[in-house]
Amino acid sequence: MTAEALGHRSQEARNRLHEAQEELRRAQLIVQDREKELVQAVVKDGVVATTATATTAALNPATAAKVGAASMGVAKGAHVAALSWKAHLFAGGVARGVAVGTLFPVDSIKTKKQLGQKINLKIGDIGHEHFKGFGSAILGQIPYGMLVFGTYEMSKTKIFARYPDAPKLPTFLVAAVIGDFLGSVWLTPSEIIKQRMQSGVDKNVMGSIMSIYKAKGFLGFYSGFSGLVARDLPYRALQLPSYEVAREWYSQRYCAPYERAIYPHEAMFVGAGVGMLAAGVTTPLDVVKSRMMVQATGDGVVQVVKNIVKEGGIRGLFAGITPRVGYLGLSNGIFFIMYEFVRGIMSEAPTIPIG
């Protein structure tokens, strides 16, 4: 065979290889577009990916695993399950109610400490002294938990459905801020009433409502809203993304080798650690919020900070840090063990192996 013939055959082989590569590239694009359409259809129908859930087993398992893992940050080899948005709201509300109700006395002690009040720790007086404002707190906190975590998961899922390759941490951060801001709109009035009763300013819920309305009208129920948002947005922006990252690391290290999902008690320890870290960092913002809500002088955040530093120095901004860190560490642990437990019970879809 002549050199010219060999060159001709070689060129034909290269042309066929190039055509095959182009055909493969077109097929991959079609598959990617189809995956995106399927995920968007699932999101539109109301099945959302949550902190520990993929989209749904109705999808191609590889597609569901790919999108679900991206949206929740689970490790390869973990197992996840589908959860409807209604079930997710219920799980968030139950978990928030149990966490807040269990640790309410600790929160009451923290508020008194931040306001410089004497704390009564006699066993016989705890039920009366440290459960003031409990009804208002539960009424505010359960819907708050549903709003925050429901919005967070829905926002996160919709972002990943539209932009599957979006970076995870910025997406978690944006979703956390959106969820907490909406939750704060609901929470602020009940938080004001709760803290006024905890501090002894008002004796009962109706009396607190009437005194607030008489003094400042409807806007009085949002005194300290800026302080609440200034405290909670940074806290939530630290808490939720940190939990996602810590949960992914834990799942990859301890769950993936055994091809199982993270257990509720493991989520409790991860959540408690993250909650304590976020609580300590944001304590000064919590002190400012408490002053603004209880004293209701109309001063802005900057002026309140100046007043606190003038009275107690920089240490004044960290008043109540020990009960706050303890409270939120325990609260996060209780929340996440309940959240994972309720979510696991309510999940009807089979688990999807990632990897």
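The values are calculated or read from the model by the stated rules, or taken from the named source; none is laboratory data. What you are looking at is a predicted structure, and each value in this text was computed from that prediction instead of being measured. Positions of Cβ are generated from backbone atoms using ideal geometry, with glycine treated the same way; all protein chains shown enter the neighbour counts. Just the protein is used for accessible areas: all its heavy atoms, side chains included, with ligands, DNA and RNA removed. Shrake-Rupley method; radii C 1.70, N 1.55, O 1.52, S 1.80 Å.
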(request) Hand me the list of helices (runs of 4 or more DSSP H) wholly inside the stretch 54-139 holding 1 or more residues that are at pLDDT below 50 and either at positive phi or not basic (Lys, Arg) (or both). (result) 61-72
(request) Could you list all residues from the stretch 210-247 that are more than 30 Å from Gly280 (Cα to Cα) and surrounded by 18 or more Cβ atoms within 10 Å (Cβ to Cβ)? (result) Ile212
(request) Just name the residue that is least open to solvent (accessible area, probe 1.4 Å) out of those in the stretch 182-201 that are out of contact with any Phe, Trp or Tyr (no Cβ under 6 Å at 6 or more places or on another chain) and either small (Gly, Ala, Ser) or over 21 Å from Val287 (Cβ atoms) (or both). (result) Ser184
(message) For the stretch 271-320, which positions are assigned to a loop (DSSP other than H, G, I, E, B) and out of contact with any helix residue (DSSP H, G or I) (no Cβ under 6 Å at 6 or more places or on another chain)?
(response) Ala296, Thr297, Gly298, Asp299, Gly300
(request) Examine the stretch 211-218 for a residue that is in a helix (DSSP H, G or I) and within 25 Å of Ala95 (Cβ to Cβ), and state whether such a residue exists. (result) no
(request) Among the residues of the stretch 148-163, write down those that are aromatic (Phe, Trp, Tyr) and either part of a helix (DSSP H, G or I) or under 22 Å from Tyr339 (Cα atoms) (or both). (result) Phe149, Tyr152, Phe160
(message) When you scan the stretch 251-259, do you find a residue that is surrounded by 19 or more Cβ atoms within 10 Å (Cβ to Cβ) and within 22 Å of Pro170 (Cβ to Cβ), even just one?
(response) yes
(request) Please state which of the following conditions Glu340 fails to meet, knowing it meets all the rest: (1) open to solvent by less than 40 Å² (accessible area, probe 1.4 Å); (2) charged (D, E, K, R); (3) modelled with pLDDT of 85 or more. (result) (3)
(request) Working carefully through the options Ser184, Ser190, Ser208, find the one that is farther than 28 Å from Val270 by Cα, in contact with a Leu (Cβ under 8 Å, 6 or more places away or on another chain) and either among the acidic types (Asp, Glu) or in a helix (DSSP H, G or I) (or both). (result) Ser190
(message) Among the listed residues Ile178, Ile142, identify the single one that is open to solvent by 50 Å² or more (accessible area, probe 1.4 Å), among the β-branched types (Val, Ile, Thr), modelled with pLDDT of 90 or more and within 18 Å of Phe104 (Cβ to Cβ).
(response) Ile142
